[in-house]
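The values are calculated or read from the model by the stated rules, or taken from the named source; none is laboratory data. Predicted model only: the values in this text are computed from it and were never measured. Note that we place each Cβ from the backbone using ideal geometry, even for glycine, and neighbour counts take in every protein chain shown.
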Amino acid sequence: MNRFHSIPLLVALAALALPLPARAQFAAPEAVSAAPSLGDARTQKYRVGVMVTAEGGACRDIYATLPVPADWPEQKVQIVQEDVSPDVRGLRYRTLPGGVKQMIVEIPSLPAGGKAHAIVTFSLERASITPPANPSPLTIPQKPDRALRIFLGASPYIETRHPKIMKLAKATGEDLDGWKKVEAIYDTVREKVEYRNGDLKGAARALADGWGDCEELTCLFIAMARAEGIPARTVWVEGHCYPEFYLVDADGQGWWYPCQAAGTRAFGGMPDQLPILQKGDAFRDPDRPGKTLRYVSEFIKGSAKDGGGSPKVTWIREGA
């Protein structure tokens, strides 16, 4: 379900109010049998932007941020075009801790009835992921570094320490290790929670209700994995999300492995080639201090000019 595209926006306009290194390294199965490998790649265009119209009066100091696609081992991103209207003072980019890339748009002043826009077209080369040829050597990392430890705690709607989630995770993975333990968690989640659209409610409620959509299944898988010491995180793609988990081989080399929590069964690989928007589920945005975000949505603020009106804001995120 596409709920994360409609997360409430923080607006303050009159009437409106260093990247985590990608640890996944892909290799050909014959080179490293426990590593995932890249499959066929698909190149596609993707547009992200904002359009602002000053309705009822002039506006000033408009500041907007938008998440944009970034590079990951299975996705390479290039900017094809930046379409910026004259009222936009500048267009720049920044990367938040956790690897989310944001586009920053600033509009110093916009006269009554004026329109401004900043629209960026990206070229995305997104590859499918093939499961490892031999996952048997893979184990749970015993001494995860700082970059991995953030994927072991609780996140919004991922109640890692909930008693019922911990109990189920322990019972599911008992006497199992590594790949088999994670796969048992995966199968249990899909058995316990029926895929059904509905309002966001998180892992614990989905387990209690016995149903949820892609976000609930993803949240429950991640919560159970983390409860068993397995680093896991959310992958947000266009209109959908799924989890990734992290395991290491006997030499301590580790990789991220995806799985399709909702939909056709896919464990350890990912046939889908939807644009990756961000990875993770506990972000901090300097423009929203004091809040932990499960997904970094669009943000805009500004003020009316000389008692002016409020702007009409249209966000753009679509295939081109």
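What number goes with the only condition from (1) under 20 Å from the mean Cα position of the chain (by Cα); (2) in a loop (DSSP other than H, G, I, E, B) that TYR93 does not pass? Every listed condition holds for TYR93 apart from (2). Residue count for the stretch 259-271 satisfying the condition of being buried (at least 17 other Cβ atoms within 10 Å of the Cβ) and either out of contact with any Ser or Thr (no Cβ under 6 Å at 6 or more places or on another chain) or of a type in the set (A, V, I, L, M) (or both): 8.
The residue pairs whose first member lies in the stretch 186-200 and is within 22 Å of ALA169 (Cβ to Cβ), whose second member is at pLDDT below 95 and of a type in the set (A, V, I, L, M), and whose beta carbons are closer than 6 Å, counting only pairs six or more residues apart or on different chains, are TYR195/ALA262.
Between ASP249, ASP287, the distinction of being on the phi < 0 side of the Ramachandran plot and crowded, with 18+ Cβ neighbours inside 10 Å belongs to ASP249 only.
Filtering LEU110, LEU138 for residues that are in contact with a strand residue (DSSP E or B) (Cβ under 8 Å, 6 or more places away or on another chain) and at pLDDT below 95 leaves a single hit, LEU110. Flag not set for GLY113, criterion: of a type in the set (Gly, Ala, Ser), assigned to a loop (DSSP other than H, G, I, E, B), in contact with a Phe, Trp or Tyr (Cβ under 6 Å, 6 or more places away or on another chain) and outside the structural domain of PRO275 (by TED's automatic domain parsing).
When GLU216 is tested against the conditions (1) buried (at least 20 other Cβ atoms within 10 Å of the Cβ); (2) under 23 Å from GLY98 (Cα atoms); (3) in contact with a strand residue (DSSP E or B) (Cβ under 8 Å, 6 or more places away or on another chain), the lone failure is (3). Quick check: is even one residue across the stretch 152-169 assigned to a helix (DSSP H, G or I), buried (at least 24 other Cβ atoms within 10 Å of the Cβ), under 22 Å from the mean Cα position of the chain (by Cα) and of a type in the set (A, V, I, L, M, F, W, C)? Within the stretch 152-169, none of the residues are assigned to a helix (DSSP H, G or I), buried (at least 24 other Cβ atoms within 10 Å of the Cβ), under 22 Å from the mean Cα position of the chain (by Cα) and of a type in the set (A, V, I, L, M, F, W, C).
Evaluating PRO132 against the criteria (1) in a strand (DSSP E or B); (2) surrounded by 17 or more Cβ atoms within 10 Å (Cβ to Cβ); (3) not small (Gly, Ala, Ser) leaves one unmet condition, (1). Applying the set (1) modelled with pLDDT under 95; (2) within 25 Å of PHE151 (Cα to Cα); (3) surrounded by 15 or more Cβ atoms within 10 Å (Cβ to Cβ) to PRO21 leaves exactly one unmet item: (3).
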